[in-house]
Amino acid sequence: MATTELLTNKQKPQYEVKKSMSMAAIKVIAYIVLVLLSILCLVWFYLLIINATRSHAEINTKFAFLPGKSLISNWKKMNSSSLNFMRGLINSAIIALSSSILTVYFSMMTAFAIHAYRFPGRKFFYVFILAIMMIPTQVTSLGFYNMIVNTFNMKNNYLPLILPSIAAPVTFFYIIQYMRSNLPMSLVEAARIDGAMEVGILNRIVLPLMRPALAVQLIFAFVGSWNNYYMPALLINEPKKRTLPILIYSLRSAAEKDKDLGVQYLSMTIAVLPVIVVYLIFARYIVGGVALGGVKE
Amino acid sequence: MSETTNTNTIKHTRLGRNKWGYIFLVPFFVTFLVFSLWPLIQTIYFSFFTKYTTQMFEEVEEFCGLKNYKEIFSADTMRLFFNTFVLWIIGFVPQILVSLLLASWFANNRLRIRASGFFKTVIYLPNLIMAIAFGMIFYLMFARSGPLFHLFENLGFITGDYDFWAHVGSTRILISSINFLMWFGNTTILLMAGIMGINDSLFEAAEVDGASQFQVFRKITLPILKPILVYVMITSLIGGIQMFDVPQIITKGMGNPAGRDIFKTSQPAIKTVIMQLSASISKSNNYGSAGALSVVLLIVTGILSFFVYLSMVHRDDNDK
C-alpha cells in the first residue's frame with residue numbers, strides 16, 4: 001500500500017508490474033469465488049433431481065452424485081399417493097396464470113391513467129400508490145381472512161387468491177417507469193386524430209409498445225403467485241384444491257410411515273422445475289428487469 | 001407532453017378526454033378498497049376487542065381497549081421479534097458483504113470478468129425458487145437420512161448421532177443460509193446497477209493518482225453506493241420481518257427446537273412473528289392479539305418505508 005503514495009518516475013514501472021500482478025491475483029480469486037458461489041446456488045437443484053431418480057432405500061443409506069434407476073417407479077408411486085402433485089400443478093397454474101395476467105394488464109391501465117391524462121388529484125393518486133407499495137399482505141391478512149371466510153363464505157375458492165392481484169403497486173411502478181421512456185405521446189395523439197377510442201388506444205397502441213416490460217413483469221407476477229404459500233394456506237383446505245406450496249407443506253407433516261423420500265424429491269422437482277425452465281429461457285430479460293428496479297428515478 | 005391534449009376541441013365536458021384518467025384508475029382503487037383497505041380497517045378494529053367463549057359456547061366479543069397492545073410488549077411476543085431479527089441478521093451480513101464484493105468485481109472494467117452474464121443468471125436463480133420448497137429441500141438434505149448429512153458424516157465433520165434440526169444454532173444458521181442464497185444475487189444486481197452509474201472518470205482519476213483497489217472501493221465506490229445500500233438494507237429488513245415460509249416448514253410450524261431461553265418465555269427459539277400471526281388467524285381464532293400484532297407490523301413497516309423514501313430522495317439529489 002505504501003507504493004501507492006508519492007510515486008517518482010523511477011518507481012513507476014515497477015509499480016505498474018506489481019499492479020498488473022495484483023490485478024491478475026484478484027482475477028483468479030474472483031473466478032474461484034464465483035465458481036464456488038455458482039455451485040452453492042445450483043447444487044440443491046442437482047441433488048434434488050438426482051434424488052428424484054433414486055429409491056427410498058438408496059437415499060436413506062448413502063450419498064450419490066449420479067442418478068439412480070427409480071424415476072419411473074417414483075413417478076408411479078407419486079401418482080397413486082394421496083398428495084396429488086399433478087392436480088396441484090394444474091391448480092397452481094390456473095391461479096398463477098390468471099393473477100399474473102390481471103396484475104400486468106391492470107397495472108398497465110393504471111400506469112396509463114397516471115401517465116397520459118391530466119386530471120385533478122392525479123399527483124395524489126400517484127403518491128398514494130407509491131405509499132402503499134411497501135405494505136406487506138400479512139398486515140391485512142386477518143381482516144382479509146375474516147371477510148373471505150366469515151362474510152363471503154368463500155373458503156376453498158380461488159377468486160380471493162386471484163382478484164386482489166388487480167392492484168399491484170410494485171408492478172405499476174415498474175411499468176410507469178418504462179412507459180415514461182418508451183411511450184411517445186405523439187403516437188397516442190395520432191391514434192386519437194384517426195378517431196380511436198381511449199380503450200382501443202390502450203389495447204392496440206400502448207400494449208404492443210409495452211410488451212418487453214409486460215413480459216418481464218408477467219414472469220415476476222407468475223412466479224410470485226406460483227410460490228405463494230401464506231394466503232393459500234389460510235384459505236384452502238380441501239385436498240383437491242391444494243396448490244403446490246400447500247402440498248409441499250403436507251409432505252413435511254405427512255406421517256412417518258407414508259414417507260417415501262424418492263417420491264418426495266420427485267414431487268418437489270415438479271414444483272420447482274417449471275419456474276427454473278421459464279427463468280432460464282428469459283434470464284437475460286429478467287436479470288435486466290431486476291437492475292431496472294434498482295435505478296429508481 | 002400531454003398538456004397539449006386537444007382540450008380546445010372538446011368543450012362539452014370540463015375534463016373531456018381526461019376523464020378517462022379516472023375511469024382507468026377505477027379497477028385498481030376498487031380492488032385496493034375491497035381487498036386491502038377494508039380488511040385493514042377490520043384488522044385495526046379487531047385489535048381493540050377480545051374474543052372469548054362463554055359457558056353456553058357462545059362467542060362473545062368485548063371491547064378491551066389497549067390490552068392486546070400491552071401484550072405485544074410482553075416477553076412472549078418480544079421473543080418472536082427477537083427470533084425473527086436473529087434469523088434476518090445472520091443471513092443479511094454475509095449477503096451484503098458478498099454482494100458488495102461481487103458487484104465491485106463485475107463492474108470493474110480492468111478486471112473484465114468473462115461470462116458475467118452466466119454468473120449473474122446463476123446467482124439470481126435461487127431468488128425465484130419457491131421458499132417453502134427450498135426449506136423442504138434443506139430439511140431433507142440435512143435430516144438424519146439426508147444426502148448432505150451422509151456427505152458430512154463421510155467427511156468426518158459430524159458423527160452419526162448428530163441432528164442438525166435439534167439444535168437452535170444449526171437450525172438458525174441453515175435457515176439464514178437459505179435467505180442468503182435467495183437474496184445475495186438480487187442484491188448484487190442492484191448494487192451493480194449503482195456502481196455502473198458511477199462516472200468512469202472518477203476511477204480513472206484515482207488510478208492516475210495511484211490509489212489501490214481497496215482505496216478506490218473505500219473512498220469512491222462505497223460513499224456513492226451509500227443510498228443504495230440504505231435502500232437494500234431497509235427493504236431487506238421489511239422482507240425479513242415477513243419471514244415465514246422457511247422456518248414454518250422446517251419446524252412444522254412449531255418453531256422448535258427449544259433452546260437456551262434468554263427471555264424465560266414459553267416461545268420456542270425459531271418461531272417468527274408471522275408464524276405466530278398465521279397460527280392466531282387460522283388455528284386459535286385469536287383475532288384480538290393477531291389484530292394488534294398486525295397493526296404493530298404496519299407501523300414498523302411504515303417507519304421503515306419512510307426511510308426507503310428518504311434514501312430514494314437522497315439518491316435523486318445525487319443524480320442532479
- Query: Tally time: how many residues in segment A:249-258 are over 20 Å from the mean Cα position of the chain (by Cα) and either within 9 Å of another protein chain (Cβ to nearest Cβ) or open to solvent by less than 40 Å² (accessible area, probe 1.4 Å) (or both)?
  - Reply: 5
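Within segment A:93-116, is even one residue polar (S, T, N, Q), in a loop (DSSP other than H, G, I, E, B) and touching a residue at least 60 places away in the same chain (Cβ under 8 Å)? So that I can check it myself, show each step before the final result.
So in segment A:93-116, the residues polar (S, T, N, Q) come out as A:98-100, A:103, A:107, A:110.
If we keep only those that are in a loop (DSSP other than H, G, I, E, B) too, we end up with none.
Scanning segment A:93-116 turns up no residue that is polar (S, T, N, Q), in a loop (DSSP other than H, G, I, E, B) and touching a residue at least 60 places away in the same chain (Cβ under 8 Å).
Residues of segment A:233-245 being over 20 Å from residue B:182 (Cα atoms) and either touching a residue at least 60 places away in the same chain (Cβ under 8 Å) or open to solvent by less than 10 Å² (accessible area, probe 1.4 Å) (or both), which ones? Give the steps one after another, and end with the answer.
Residues of segment A:233-245 over 20 Å from residue B:182 (Cα atoms): A:233-243.
A:234, A:235, A:236, A:237, A:238, A:239, A:240, A:241, A:242, A:243 - these are the residues of segment A:233-245 that are over 20 Å from residue B:182 (Cα atoms) and either touching a residue at least 60 places away in the same chain (Cβ under 8 Å) or open to solvent by less than 10 Å² (accessible area, probe 1.4 Å) (or both).
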- Please state which one of A:211, A:204 is in contact with a helix residue (DSSP H, G or I) (Cβ under 9 Å, 6 or more places away or on another chain) and open to solvent by 20 Å² or more (accessible area, probe 1.4 Å). A:204
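Residues are listed down the side, and each one gets a yes or a no for (1) touching a Leu at 6+ places or on another chain (Cβ under 9 Å); (2) in the same structural domain as residue A:161 (by TED's automatic domain parsing); (3) modelled with pLDDT of 95 or more; (4) not in a helix (DSSP H, G or I):
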residue	(1), (2), (3), (4)
A:15	yes, no, no, no
A:22	no, no, no, no
A:25	no, no, no, no
A:28	no, no, no, no
A:47	yes, no, no, no
A:50	yes, no, no, no
A:90	no, yes, yes, no
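Just checking, which of A:265, A:230, A:279 is open to solvent by 10 Å² or more (accessible area, probe 1.4 Å) and aromatic (Phe, Trp, Tyr)?
Values: A:265 fails: open to solvent by 10 Å² or more (accessible area, probe 1.4 Å); A:279 fails: open to solvent by 10 Å² or more (accessible area, probe 1.4 Å).
Just a single option satisfies the conditions, and that option is A:230.
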- Message: Restricting to segment A:52-82, name every residue that is β-branched (Val, Ile, Thr) and either in a helix (DSSP H, G or I) or open to solvent by 30 Å² or more (accessible area, probe 1.4 Å) (or both).
- Response: A:59, A:61, A:72
- Item | Pairs, first assigned by TED's automatic domain parsing to the domain that holds residue A:88 and under 15 Å from residue A:237 (Cα atoms) in segment A:140-168, second open to solvent by 50 Å² or more (accessible area, probe 1.4 Å) and assigned to a helix (DSSP H, G or I), C-beta under 7 Å, six or more apart | A:156/A:241; A:158/A:94
- Task: Kindly establish whether residue B:137 is touching a residue at least 24 places away in the same chain (Cβ under 8 Å) and at the interface with chain A (Cβ under 8 Å from one of its Cβ atoms).
- Result: no
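The values are calculated or read from the model by the stated rules, or taken from the named source; none is laboratory data. Predicted, not measured: the structure shown is a model, and the values here were computed from it. Cβ coordinates were reconstructed from backbone atoms using ideal geometry, including for glycine residues, and neighbour counts include every protein chain displayed. SASA here: full protein model, heavy atoms, side chains in, ligands and nucleic acids out. Shrake-Rupley method; radii C 1.70, N 1.55, O 1.52, S 1.80 Å.
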